[in-house]
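Enquirer: Input: one structure, supplied below.
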Amino acid sequence: MKKSIKVKCSISLLVAVLLLSACGSAETAGTTAASTEVQSLETTTESETSKGEESTSSKAETTAKEPVSLEEETTEKETIEESQTEEKASAESTAAEETTADSQQGSGKSVDSIYQEIVQSVELNSPMVLSDDFIVNYYGIDVNTLDEYVFSMSEVSTSAETIAILKAKNSTDTANLSTSLQMVLDQKRAEMENYLPDQFQIVDKSSVQVSGNYVYLVISEQAAAITSIIEAGIQ
């Protein structure tokens, strides 16, 4: 009887132990699951926080970069505008120089007006205005390169008096015109040197002058007065 009671007690204790063990395991499992869930939530929270910080950082970097980009774009635009302004100024300067060098339209008196003033102010020796054909064929002057001109010589064979005022259309033609008038001067010098010494002295003191687009030659006893009228007229 006592043995049976002991066995029953032992079984009861074993059952109690097993129940306690089962409860402990359940509690441990629950605790473990809860802990795992908490860790998962913490990880998710940390991940979301990290993503938020990265997103905020990315936005901040983008915001920080935008002013630099705008500044660079503004600087580049200003550089282009400065370059265009310099090119425009250079083009305008070049155009102004070419205008000054190549043409004097609208400035001074006409060549014909200057010559008429000379005729009225100075006593010339039987002046005769030469035709286009004469100066082209005899002196090789291309009248197509001239804007205005007057070419006169004395009809008296013993006079070397010559007045030539040529206005070139382009300054590049003044060199050729100067060469042509120099030929006229040299020819007159050769004609007068051995036959009319007094006229030779007048020729020898003369020279071809160039002023802007104007090329002129004055051979005359009144050369100073004639030259003064020409210089005043072409200003």
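Enquirer: Considering only residues that are free of Cβ contacts under 8 Å to residues at least 12 places away in the same chain and within 38 Å of the chain's Cα centre (by Cα), look in the range 168-203 and name the one that is nearest to residue 156 (Cα to Cα).
Expert: Restricting to residues being free of Cβ contacts under 8 Å to residues at least 12 places away in the same chain and within 38 Å of the chain's Cα centre (by Cα), the top hit is 179.
Enquirer: Right, another one. Among the residues of the range 199-222, is there at least one that is over 14 Å from residue 111 (Cβ atoms), polar (S, T, N, Q) and in a helix (DSSP H, G or I)?
Expert: yes
Enquirer: Which of the residues spanning the range 207-219 are on the phi < 0 side of the Ramachandran plot and surrounded by fewer than 20 Cβ atoms within 10 Å (Cβ to Cβ)?
Expert: Here is the first cut: in the range 207-219, the ones on the phi < 0 side of the Ramachandran plot are 207-211, 213-219.
Correct list: 207, 208, 209, 210, 211.
Enquirer: Let me ask something else. Looking at (1) surrounded by fewer than 21 Cβ atoms within 10 Å (Cβ to Cβ); (2) within 48 Å of the chain's Cα centre (by Cα), which is the only condition residue 222 fails?
Expert: The single condition residue 222 does not satisfy is (2).
Enquirer: May I pose another question? Looking at (1) under 20 Å from residue 200 (Cα atoms); (2) among the charged types (D, E, K, R); (3) surrounded by 13 or more Cβ atoms within 10 Å (Cβ to Cβ), which one does residue 147 not meet, given that it meets all the others?
Expert: (1)
Enquirer: Another question, if that's okay. Only residues that are charged (D, E, K, R) and at pLDDT below 95: list them for the range 113-146, please.
Expert: 123, 132, 133, 142
The values are calculated or read from the model by the stated rules, or taken from the named source; none is laboratory data. It should be emphasised that the depicted structure is a prediction, and the values quoted were computed from it without experimental measurement. Quick reminder, even Gly has a Cβ in these numbers, built from the backbone with ideal geometry, and neighbours come from all protein chains shown.
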